[in-house]
Amino acid sequence: MTERVDFLAGGNLMSLSLRERKAAVREVSKRYQKASRKEKGKILDEFVKLTGYTRCYSSYVLRSFGKKIKININGKNIILLADNRIKQRRRNNRKYDESVLKALKYLWRLSDYLCGKRVAEYIKETLPVLERFDEIKLDENTRNKLMSISPATIDRLLKKERDKCRLKNRGRSLTKPGTLLKHQIPIRTFADWNEKKPGFVEVDLVGHDGGILRGDFLYTLDATDVHTGWTETRAVRNKAQVWVFDALTHIRRRLPFNLLGIDSDNGSEFINGHLMRYCEREKITFTRSRPYRKNDNCFVEQKNYSVVRRAVGYLRYDTEKELKTINRLYAILRLYTNFFQPSMKLIEKTRTGSKVTKKYSKPATPYQRIIQSNDISESVKASIMKEYEQLNPAALKREIDNIQRRLWRQYSDKKRGEHTAVKPNDFVYNLNEATI
């Protein structure tokens with residue numbers, strides 16, 4: 001089909017094919033190149049009306065048609081007519097070569113597949129630590145590029161790798177309403193969360209039922225500090241009050257700061273007289289969220305996925321052996337998450353009509369927020385800094401992967417008699433062994 005262009009000339013709608021326009025250029029250019037300055041203006045006016053070209057482009061086409069032009073292609077000078085010019089593809093020198101991409105993929109897997117903004121901060125914080133433990137060796141040029149790479153470039157370079165790692169499984173809520181005792185525990189909403197010091201935590205239970213709700217199965221008690229993002233987890237046999245309370249006291253001993261407040265959902269495992277009396281005796285503020293408002297516990301709900309689900313998946317765990325393995329996993333995971341996993345916090349939200357604008361803080365690890373806090377004693381900071389200097393993030397990640405594989409083998413052995421086919425990819429994304 002012949003390409004055509006429509007335009008208005010003399011008040012009438014006219015059209016010329018591409019071949020007709022080229023013929024017009026060929027004929028008019030002869031007169032244009034020999035004409036005086038005044039005559040060229042008149043010729044341009046007519047040519048613009050005839051072809052529909054812009055005046056600037058018309059002037060370029062008419063003055064250059066038929067002239068010889070010298071261009072350089074692959075180091076060779078070639079003479080061409082202007083109307084037969086070969087367009088050269090623009091070639092940009094690639095800044096981030098294969099060595100940078102290989103190192104970036106390794107660090108991204110080591111970070112447990114974080115987003116670009118968090119990976120950028122993770123690299124700046126963790127790369128010197130990995131070099132100190134001889135886990136990675138990079139030349140100076142590659143190292144400088146990794147330390148200065150932008151979050152947008154990280155997301156662009158890792159797009160293909162990120163598309164391969166997408167979880168499709170979804171969890172379900174297992175919260176059962178508590179007793180009438182909940183009316184004695186005040187409600188705490190999102191608007192009230194303005195704690196500026198560590199110690200106020202949100203707690204929640206994550207069920208490992210594997211989609212089968214009958215019988216007993218394991219739960220994970222997840223506790224997240226609102227101010228620092230410090231997260232502690234502990235697996236329990238079921239959601240009985242005695243196990244939940246025991247896990248909560250165990251988590252309290254692990255916290256690097258004093259426990260000042262607990263905020264839970266309305267489940268009976270939390271809304272009970274035993275926990276309420278304990279909080280009153282220890283002078284711990286005890287509050288609860290509104291029923292059916294998950295966003296009231298947004299801090300711990302986010303960690304339910306990013307820490308618990310990403311570590312142990314969505315399968316059903318219900319044996320004593322699996323309980324011990326998961327708690328062994330959490331003992332290593334708490335170090336890896338709190339010392340080396342940067343996160344962003346919402347610091348401002350403004351609404352203009354129907355548009356909501358959110359502003360986030362610079363990515364930082366819970367460890368960094370504790371060091372920067374004025375409410376933590378210097379002795380505690382010195383102790384936690386000493387612990388940080390002894391940690392190797394690559395070694396921690398390898399240990400996490402080994403325990404995950406052990407947990408998978410225990411689950412497979414348990415299901416072997418039932419002839420159930422479950423793919424490992426439905427369980428957890430493991431770090432592929434990579435060396436640089």
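Observations on the model:
- Among (1) among the charged types (D, E, K, R); (2) exposed (fewer than 13 other Cβ atoms within 10 Å of the Cβ); (3) in a helix (DSSP H, G or I); (4) at pLDDT below 85 - the single one D83 does not satisfy: (2)
- The stretch 114-168, subset in a loop (DSSP other than H, G, I, E, B) and closer than 21 Å to Y305 by Cα, residue nearest to the chain's Cα centre (by Cα): C115
- Filtering the stretch 391-425 to residues that are part of a loop (DSSP other than H, G, I, E, B) and modelled with pLDDT of 95 or more leaves L391, N392.
- There is no residue in the stretch 349-362 that is under 25 Å from T224 (Cβ atoms), part of a loop (DSSP other than H, G, I, E, B), under 19 Å from the mean Cα position of the chain (by Cα) and modelled with pLDDT of 95 or more.
- Residues in the stretch 321-337 that are surrounded by fewer than 22 Cβ atoms within 10 Å (Cβ to Cβ) and over 24 Å from S412 (Cβ atoms): R334, L335, Y336.
- Close contacts from the stretch 120-141, counting a first residue that is among the aromatic types (F, W, Y) and a second that is outside any helix (DSSP H, G or I), with Cβ to Cβ under 8 Å and a gap of 6+ residues or different chains, come to Y122/S111; Y122/L114; Y122/Q341; Y122/P342; Y122/P363; F133/N392.
- Long-range neighbours under 7 Å by Cβ, at least six apart or interchain, first residue in the same structural domain as R252 (by TED's automatic domain parsing) and surrounded by 24 or more Cβ atoms within 10 Å (Cβ to Cβ) within the stretch 229-240, second of a type in the set (S, T, Y) and not in a strand (DSSP E or B): T231/T337; T233/Y330; A235/Y330
- For first residues located in the stretch 343-363 and surrounded by fewer than 10 Cβ atoms within 10 Å (Cβ to Cβ), partners that are among the aromatic types (F, W, Y) and at pLDDT 90 or above and lie 6+ apart or on another chain with Cβ distances below 7 Å do not occur.
- Residue, farthest from the chain's Cα centre (by Cα), within the stretch 1-43, restricted to residues that are modelled with pLDDT of 50 or more and assigned to a strand (DSSP E or B): M14
- Hits in the stretch 280-300 (condition: crowded, with 18+ Cβ neighbours inside 10 Å and part of a helix (DSSP H, G or I)): D296, N297, F299, V300
- Conditions (1) in a helix (DSSP H, G or I); (2) within 28 Å of R409 (Cβ to Cβ); (3) out of contact with any Pro (no Cβ under 8 Å at 6 or more places or on another chain): number failed by D318: (1)
The values are calculated or read from the model by the stated rules, or taken from the named source; none is laboratory data. Keep in mind the model is a prediction, meaning the values are calculated, not measured. Cβ: placed from backbone, ideal geometry, glycine included. Neighbour counts: every protein chain shown.
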